[in-house]
Amino acid sequence: MLITETHKDVQTQDGGSMRIFLFHPTIPNYPEAKFPGVVVFSEIYQVTGPVERFARQIAGHGYIVAAPSSYHEFTGPAALAYDGPGTDAGNTWKIEKKLSAYDEDATLSIDCLEALPTCNGRIGATGMCLGGHLAFRCAFDRRVRAAVCYFATDIHSHSLGKGMKDDSLDRVKEIRGELVMIFGKRDNHVPPAGRDLIRKTLHETGITFSFFEAAWAQHAFIRDELSKGRYDPALAGLCFQMLLELFGRTLNGDLGPREGGDEEVEDVC
């Protein structure tokens, strides 16, 4: 499936704006096609190349993807570098940003998707690292039918946002959609006790969820960027199939009637 890429700048309550990167599937001869929407939350480096490629993969399977720039209060929409200064900035802003502002970003991203005439109104969420936690919180919105959270940080420690006292585990009962929680067993950002706490809380609350821990995976093992030596393509592919299974079962699309004939193929490289 082909995709187009655009962006939209939306106003935030603090008087600023947030850029939402949009990745949209297209199907020739189906002008009335409607697709589900998926919010993709990025890691602490904003919408980097690996996050863009992740979003394109999802869009290529028939989902309109909205990827918000999480640090719009502090910087522009450009990605941070995978280096010391980029990591320091991302980690600093992660706990300087208000928790309510993270939730506003999620609401605005869902609103953006639902406002598209090509969106069928069925919404999912996913993300990695910081984005895994934000996808988890996004599921508090009753419009979200499913969320896939990759190695979500800070949930177990209640340490997201300004003041480092988030209420994510306390609000689990608000989740109405289905969750998939994915971690690596060698992830030192979310230690075994932390993963056990998350799983125990989900069980006790009665949430519908799957929980996968890959034996040899480290933190950020789906990031297809090699500077930190953690990328595992085989495991990343396996986990992506989990995402497709969940979204395919809970969201679905609507092509509408077919129109027209075959398009002329361009004679270009």
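Any read-out appearing in this document is the output of simple, stated calculations on the displayed coordinates, not a laboratory observation. These numbers were taken from a predicted model, which means no experiment stands behind them. Don't worry about glycine lacking a Cβ; one is built from the backbone with ideal geometry, like all the others, and counts go over all protein chains shown.
In region 50-60 there is at least one residue that is within 17 Å of the chain's Cα centre (by Cα) and not in a helix (DSSP H, G or I).
Here Leu226 passes the criteria (1) loosely packed, with under 11 Cβ neighbours inside 10 Å; (2) in contact (Cβ under 8 Å) with a residue 40 or more places away in the chain except the one numbered (2).
Among the residues of region 155-177, is there at least one that is under 19 Å from Glu245 (Cα atoms) and in contact (Cβ under 8 Å) with a residue 12 or more places away in the chain? Give the derivation first.
Taking region 155-177 as the starting set, the residues that turn out to be under 19 Å from Glu245 (Cα atoms) are 176-177.
Add one more test, that the residue is in contact (Cβ under 8 Å) with a residue 12 or more places away in the chain, and what stays is 176-177.
Taking every residue of region 155-177 in turn, at least one turns out to be under 19 Å from Glu245 (Cα atoms) and in contact (Cβ under 8 Å) with a residue 12 or more places away in the chain.
In region 80-91, the qualifying residues are those that are without any contact (Cβ under 8 Å) to a residue 40 or more places away in the chain and buried (at least 18 other Cβ atoms within 10 Å of the Cβ), and the one that is farthest from Asp14 (Cα to Cα) is Leu80.
Name the residue, out of Lys98, Lys94, that is over 23 Å from Glu5 (Cα atoms), basic (Lys, Arg) and surrounded by 20 or more Cβ atoms within 10 Å (Cβ to Cβ). Reasoning before the result, please.
Numbers: Lys98 fails: surrounded by 20 or more Cβ atoms within 10 Å (Cβ to Cβ).
So the residue among Lys98, Lys94 that is over 23 Å from Glu5 (Cα atoms), basic (Lys, Arg) and surrounded by 20 or more Cβ atoms within 10 Å (Cβ to Cβ) is Lys94.
Among the residues making up region 1-29, those that are in contact with a Pro (Cβ under 8 Å, 6 or more places away or on another chain) and either farther than 27 Å from Phe74 by Cα or not in a strand (DSSP E or B) (or both) are Met1, Leu2, Ile3. Considering (1) among the polar types (S, T, N, Q); (2) free of Cβ contacts under 8 Å to residues at least 40 places away in the same chain; (3) in a loop (DSSP other than H, G, I, E, B), the lone condition that Thr107 does not fulfil carries the number (3).
Selection within region 209-221: residues that are touching a helix residue (DSSP H, G or I) at 6+ places or on another chain (Cβ under 9 Å) and surrounded by fewer than 19 Cβ atoms within 10 Å (Cβ to Cβ). The member of this set that is farthest from Ala147 (Cα to Cα) is Trp216. Could you list, in sequence order, all residues of region 229-269 that are surrounded by 12 or more Cβ atoms within 10 Å (Cβ to Cβ) and β-branched (Val, Ile, Thr)? Residue satisfying the conditions is Thr250 alone.
Restricting to region 1-49, and then to whatever is charged (D, E, K, R) and in contact with a Gly (Cβ under 7 Å, 6 or more places away or on another chain), can you tell me which residue is surrounded by the most Cβ atoms within 10 Å (Cβ to Cβ)? Walk me through it before giving the result.
Here is the first cut: in region 1-49, the residues charged (D, E, K, R) are 5, 8-9, 14, 19, 32, 34, 43.
Now narrow it down to the ones that are in contact with a Gly (Cβ under 7 Å, 6 or more places away or on another chain): 32, 34, 43.
Numbers: Glu32: 12, Lys34: 18, Glu43: 28.
Step by step, filter region 1-49, then rank; the result is Glu43.
Report whether or not Gln46 is without any contact (Cβ under 8 Å) to a residue 60 or more places away in the chain and not in a helix (DSSP H, G or I). Spelling it out, Gln46 is indeed without any contact (Cβ under 8 Å) to a residue 60 or more places away in the chain and not in a helix (DSSP H, G or I).
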